[in-house]
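Participant: My questions all concern the structure below.
The values are calculated or read from the model by the stated rules, or taken from the named source; none is laboratory data. Just so we're clear, the structure is a prediction, and the values are computed from it rather than from any experiment. Neighbour counts are summed over all protein chains in view; Cβ atoms, including those assigned to glycine, are modelled from backbone coordinates with ideal geometry. Surface accessibility is based on the protein's heavy atoms, side chains included, excluding ligands, DNA and RNA. Shrake-Rupley method; radii C 1.70, N 1.55, O 1.52, S 1.80 Å.
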Amino acid sequence: MSDFPSIGSLTGDGAGNNSGGLKISSDETQEKFDEKMKQVSFKQKEVNTMRLAAKTGYPYIDLDKFPVSQEALRRLEREEVEQSGVVCFYVSENEFRLGALDPESEHTQQIFERLESLNHGKGAIYVISKKSFERVLKLYDILPVVKLITKDISINIGELKEVEEAITDFDSLQKLLDKSSTTSLMTYIMGAGFKLNASDVHIEAEEEKIVVRFRLDGILHDAANLPKDAYRKLVSRIKLLSSLKINITDKPQDGRFGIKLPEGDVDVRVSTIPTVYGESIVMRLLHQSREGLTLDKLGFIGDSYEKLVFEIQRPNGMIITTGPTGSGKTTSLYAMMHLLNKPGVKIITLEDPVEYKMEGINQSQIDKSHGYTFAKGLRSMLRQDPDIAMVGEIRDLETADIAIQSALTGHLILSTIHTNSASGAIPRFLSMGVKPFLLAPALNSVIGQRLVRKICSDCKEAVQLDEKTMQRVLETVEHMPEKEKAQVQSKEMVFYTGKGCQTCNGIGFKGRIGIYEIFIMNSDIEQMILAGQVSEFEIEKIAIQNGMVTMVQDGVLKCLQGITSIEEVFRVIE
């Protein structure tokens with residue numbers, strides 16, 4: 001305040017003339033006098049800004065000589081700055097500062113809340129004058145344009161056609177790799193992965209050779225061998241694309257890169273670990289396009305489908321999917337969100353990492369290195385006023401407590417938890433320390449699931465089951481709910497398998513489908529939770545009494561429909 005003249009000296013003689021009571025002296029020119037008046041005007045405006053700050057309760061700052069960083073400027077686009085009268089003049093790892101012409105405007109508050117969510121840190125709003133605002137605005141004129149450097153691979157249509165025409169099975173892939181140059185290896189391996197619908201590509205160093213393996217429908221297959229001399233160049237290429245350190249070979253590393261295809265982008269997550277003969281590299285292929293992802297296409301059928309559709313249309317509560325890693329839990333959640341994604345609904349997700357991008361949904365990725373955990377992210381999400389929140393996984397008590405409180409206060413929460421069956425979810429929550437009297441009313445339903453391979457439609461044939469397997473099937477059918485049992489017993493039981501053909505690379509299976517069990521919270525289970533007498537066996541028993549179709553029963557139903565084989569179901573569900 002000491003830098004400014006008193007308010008009285010700036011208001012003039014009260015006559016309302018432009019000079020404010022100041023007159024030109026005999027020893028100064030008109031130009032100097034005008035400059036003096038300009039400075040008086042600026043200071044008057046600063047004083048008015050101070051008065052606004054005092055009136056609104058926000059702190060005042062003069063940005064005329066404040067060092068505004070390029071990083072702070074880039075937090076807001078120039079167009080938004082001009083429209084809102086808000087600038088970001090300071091940012092650090094945990095804090096940010098905004099300067100606003102009108103601190104109480106709706107624009108200012110919206111920008112503040114958005115940056116607070118994105119920066120996962122504390123912020124503050126300051127009142128600034130028009131002069132300060134224009135000074136910061138001029139800094140945008142000299143702000144360097146940063147061009148995004150992308151390391152994404154672009155595979156053109158010609159290269160894809162070459163791979164598709166050349167590769168029909170693993171033998172043809174080996175022949176193609178044998179005659180390709182080192183620079184083409186990456187393109188051919190990735191192209192083959194897309195042609196064969198691989199979910200993961202493994203490159204493993206052995207004593208005499210390098211093995212390329214593809215995971216197809218959950219099963220790992222040896223696809224081809226590479227010469228030792230091509231291995232180092234291939235590993236360096238993958239590391240360069242993934243922003244990994246090429247010279248570090250004795251420590252695990254994680255990275256990613258993208259592949260641009262005509263039908264949509266593919267996100268490739270890369271993991272390397274040191275082994276005896278070199279580094280083992282695994283590349284997970286995540287196709288970003290998930291249009292048309294629906295519950296019935298995933299394998300939800302009959303009463304289970306109808307129950308789930310009813311549950312996900314409820315306005316609040318928790319729906320939990322369970323199963324081991326790779327059982328399709330996240331895909332099921334995306335199918336639910338696909339059904340719920342409507343213009344009048346706000347959906348926010350919190351994932352680790354974001355696997356699929358979906359239009360119309362706000363997706364956020366946790367970052368443990370910066371303290372952005374599931375618990376902290378969920379708190380921030382709830383300040384965004386969502387109707388539906390999807391949390392990638394509930395791992396600890398803090399996240400579980402926030403999710404349950406959210407479900408009890410009007411939000412629909414979708415999430416996953418690692419258990420072997422639907423009935424194991426409640427004991428898992430209680431083992432974390434969740435309060436039973438909160439869990440019981442918050443939980444709507446739990447889904448248990450596995451993925452089984454689908455029989456190849458081009459080589460499907462009927463098969464006769466041995467006596468032991470048939471007896472096991474009959475016992476499974478006997479314990480089905482009456483409606484499903486009647487449907488099975490009314491028809492002849494015919495089972496199928498795939499004998500192997502060119503379409504499925506001789507495997508007999510192509511594609512995967514889910515088998516599910518869904519139990520809906522009821523008064524009997526709720527009383528068990530509140531009484532503290534919870535066991536996985538008792539919960540499953542009550543759920544079955546209330547009409548739950550178990551995963552193995554759902555699998556048998558799909559076998560009788562010719563979708564999968566009975567050996568596949570019993571392989572996945574013991």
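Participant: Among the residues of segment 48-74, which ones are crowded, with 19+ Cβ neighbours inside 10 Å and over 12 Å from Ile128 (Cβ atoms)?
Facilitator: Within segment 48-74, Ala72, Leu73 qualify.
Participant: Do we have Gln313 as on the phi < 0 side of the Ramachandran plot and exposed (fewer than 14 other Cβ atoms within 10 Å of the Cβ) here?
Facilitator: Working: on the phi < 0 side of the Ramachandran plot: yes; exposed (fewer than 14 other Cβ atoms within 10 Å of the Cβ): yes.
The answer is yes for Gln313.
Participant: Next question. Out of all the residues in segment 309-334, which are in contact with a strand residue (DSSP E or B) (Cβ under 6 Å, 6 or more places away or on another chain) and closer than 25 Å to Ile573 by Cα?
Facilitator: Ile319, Ile320, Thr321, Thr322, Gly323, Ser327, Gly328, Lys329, Ser332, Leu333, listed by residue number.
Participant: Which of the residues that make up segment 75-128 are outside any helix (DSSP H, G or I), modelled with pLDDT under 85 and surrounded by 14 or more Cβ atoms within 10 Å (Cβ to Cβ)? It would help to see each step written out before you state the result.
Facilitator: Filtering segment 75-128 for residues outside any helix (DSSP H, G or I) gives 75-77, 85-105, 120-128.
With the extra rule that they be modelled with pLDDT under 85, the set shrinks to 92-94, 120-122.
If the condition is that a residue be outside any helix (DSSP H, G or I), modelled with pLDDT under 85 and surrounded by 14 or more Cβ atoms within 10 Å (Cβ to Cβ), then His120, Gly121 are the ones that fit.
Participant: Considering Ser271, Ser243, which residue is of a type in the set (S, T, N, Q), farther than 20 Å from Ser172 by Cβ and exposed (fewer than 15 other Cβ atoms within 10 Å of the Cβ)? I'd like the intermediate steps shown before the answer.
Facilitator: On the way: Ser271 fails: exposed (fewer than 15 other Cβ atoms within 10 Å of the Cβ).
Exactly one residue qualifies, and that residue is Ser243.
Participant: Quick test for you: out of Ile238, Ile219, pick the one residue that is under 33 Å from the mean Cα position of the chain (by Cα), open to solvent by 30 Å² or more (accessible area, probe 1.4 Å) and of a type in the set (Val, Ile, Thr). Steps first, answer last, please.
Facilitator: Details: Ile238 fails: open to solvent by 30 Å² or more (accessible area, probe 1.4 Å).
Among Ile238, Ile219, only Ile219 is under 33 Å from the mean Cα position of the chain (by Cα), open to solvent by 30 Å² or more (accessible area, probe 1.4 Å) and of a type in the set (Val, Ile, Thr).
Participant: When the residues of segment 407-425 are narrowed to those that are over 24 Å from Glu538 (Cβ atoms) and buried (at least 23 other Cβ atoms within 10 Å of the Cβ), which ends up farthest from the chain's Cα centre (by Cα)? Spell out how you get there, then give the answer.
Facilitator: Kept after step one, since they are over 24 Å from Glu538 (Cβ atoms), are these residues of segment 407-425: 408-414.
This time we only want the ones that are buried (at least 23 other Cβ atoms within 10 Å of the Cβ), so: 412-414.
Details: Leu412: 17, Ile413: 15, Leu414: 13 Å.
Only one residue tops the list, namely Leu412.
Participant: Mind checking which helices (runs of 4 or more DSSP H) fall wholly inside segment 471-561 and carry at least 3 residues that are over 30 Å from Val434 (Cα atoms) and assigned by the TED database to the domain that holds Lys307?
Facilitator: Of the helices (runs of 4 or more DSSP H) lying wholly inside segment 471-561, those with at least 3 residues that are over 30 Å from Val434 (Cα atoms) and assigned by the TED database to the domain that holds Lys307 span 482-489, 551-560.
Participant: Looking at segment 209-256, which of its residues are without any contact (Cβ under 8 Å) to a residue 12 or more places away in the chain and of a type outside the set (A, V, I, L, M, F, W, C)?
Facilitator: Hits for segment 209-256 are Asp229, Arg232, Ser236, Lys245, Asn247.
Participant: Filter segment 426-459 down to residues that are open to solvent by 50 Å² or more (accessible area, probe 1.4 Å) and in contact with a strand residue (DSSP E or B) (Cβ under 7 Å, 6 or more places away or on another chain), then give me how many there are.
Facilitator: Filtering segment 426-459 for residues open to solvent by 50 Å² or more (accessible area, probe 1.4 Å) gives 428, 431, 435, 437, 441, 454, 457-458.
Retained after the next criterion (residues that are in contact with a strand residue (DSSP E or B) (Cβ under 7 Å, 6 or more places away or on another chain)): 428, 454.
Final tally of qualifying residues: 2.
Participant: So how many residues does segment 357-403 have that are among the aliphatic types (A, V, I, L, M) and not in a helix (DSSP H, G or I)? Steps first, answer last, please.
Facilitator: Filtering segment 357-403 for residues among the aliphatic types (A, V, I, L, M) gives 358, 361, 366, 375, 378, 381-382, 388-391, 394, 397, 400, 402-403.
Remaining after also requiring not in a helix (DSSP H, G or I): 358, 361, 366, 388-391, 394.
Matching residues across segment 357-403 total 8.
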